[in-house]
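Notes to accompany the following structure.
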Amino acid sequence: MAVVKNIEKKIKINKVTSIGCLVLSVIIVIAGFIFSYKQIKDARKSIYILDNGVPVLVKQTDLLLNRPVEYKAQIDMFHALFFTLSADDDYIKSQTKKALYLIDDSGMKEYMNLKEKGFYNQIISSNSVMTIKADSIVLDEQNLKFTYYGKQTINRKTQLIVRKLITEGFLQDLPRSPNNPHGVLIEKWKTLDNSDISVKEKFR
C-alpha cells in the first residue's frame, strides 16, 4: 500500500508540475506577444530626419492630441490666404489658388461670386490692400464644425474700412499633401456676417 501511495503521490506531483509548466509557457508566450506589439507600435511612431546628412531619430507625437490644433491652423490659413489681397492681379490669383486647395467647391462658388460682383477689380482699381486677423475660432470637435470670427481691414487711398467677418463650415480629414499639409478639407463654407465696423476717411 505504501508503494502504491508513493507512486500516486509522484504522479500527482508530476501532473501539477506539468500543468504549472504549461501555464507558465502560455504566460511567457502571451507576454512575448504583448511586448512585441508594443515594440512595433513604438517603432511606427519613430521617424528619422536628416540633419546635415546625419540621420536623427525623432518621435512622432500623438496625432489625435494635435488634431484640434491642426484644424484651427488650417481654418486660419485658409482665411488668411483667401482674404489677404493687394492691388496685384497675379498676387490675387496666387493667393486664391493656394486657398482653394484647402476647401471644397463652396470656396470656388464664393470666389466666383466675388469676382462677378467686381470685388477683385475694385481692389485693383482703388489700389487697396486687404488684410485679415482672426479673433477666435470655435471648433465643435464632435461634429467637425467650426465658426471663424475675425476682422477685415481694407486700406484704400481715401478710406480705411474695418469689417466684421464671421464664417462657418465643416472639416473632413484627407491624406496630407504639399498643397494641403494639414490633411484637412473645409466643406460647406459660408459667410454669416461681413458688415462694416468702422469707415474712416483719409485726408491728404
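Could you derive backbone 3J(HN,Hα) for region 152-158 from the dihedral phi with the Karplus parameters 6.51, -1.76 and 1.60 (θ = phi - 60°), listing whole Hz in sequence and x where the residue is Gly or Pro?
For region 152-158, the Karplus-derived couplings read 9, 10, 10, 9, 9, 5, 10 Hz, x marking Gly and Pro.
Quick check for me: using +1 on Lys/Arg Cβ and -1 on Asp/Glu Cβ, what's the dipole size of region 93-163 about its Cα centre, in debye to the nearest 20? Let's see the in-between values first.
Details: 12 positive and 7 negative charges, 101 e Å.
Roughly 480 debye, rounded to the nearest 20.
Can you tell me which aspartates and glutamates have their Cα less than 12 Å from the Cα of residue 157? Leave out same-chain residues fewer than eight positions away.
Within the straight-line limit of under 12 Å, residue 157 reaches these aspartates and glutamates: 201.
How large is the dipole of region 66-201 about the Cα centre if only Lys and Arg carry +1 and Asp and Glu carry -1, each at its Cβ, rounded to the nearest 20 debye?
300
What does DSSP give for region 83-198 in terms of the percent of beta bridges that are antiparallel, rounded to the nearest 5?
If I count the DSSP bridges inside region 83-198, around 95 percent turn out antiparallel.
Full extension from residue 27 to residue 97: what is 0.36 nm times the residue separation minus their Cα-Cα distance, to one decimal in nm?
19.3 nm is the gain from fully extending residue 27 to residue 97.
Would you mind calculating the relative contact order of region 66-201 from Cα pairs under 8 angstrom and at least 6 residues apart, reporting the percent as a whole number? Numbers along the way, then the final one.
On the way: 252 pairs, mean separation 31.7, N = 136.
Value for region 66-201: 23 percent.
Check cross-link reach from residue 38 to the lysines: straight Cα distance under 19 Å, and skip same-chain residues fewer than eight apart.
Counting by Cα, and skipping residues close in sequence, residue 38 has these lysines nearby: 59.
Given a cut-off of 21 Å, name the pairs among 72/133; 93/115; 98/202; 93/164 whose C-alpha atoms lie farther apart than that in the structure shown. Walk me through the numbers on the way to the answer.
Numbers: 72/133 14 Å; 93/115 11 Å; 98/202 33 Å; 93/164 24 Å.
In this structure, 98/202; 93/164 exceed 21 Å between Cα atoms.
Assign one of three labels to region 89-138, namely rounded, prolate or oblate, based on the Cα gyration tensor with a ≥ b ≥ c the square roots of its eigenvalues; rounded applies when a/c is under 1.5, prolate when it is not and a/b is larger than b/c, and oblate otherwise.
Oblate is the answer for region 89-138, as a/c is 1.5 or above yet b/c matches or exceeds a/b.
Which percent of the Cα-Cα distances in region 66-201 go past 20 Å?
Values: 4127 of 9180 pairs.
Considering region 66-201, 45 percent of its Cα-Cα pairs are separated by more than 20 Å.
May I ask you to list the aspartates and glutamates whose Cα is less than 14 Å away from that of residue 151, ignoring any residue fewer than eight positions away on the same chain?
The qualifying aspartates and glutamates are 76, 135, 193, 196.
FYI, it's all coordinate maths here, none of it is from the lab. This is a predicted model, so every value here is computed, not measured. Quick reminder, even Gly has a Cβ in these numbers, built from the backbone with ideal geometry, and neighbours come from all protein chains shown.
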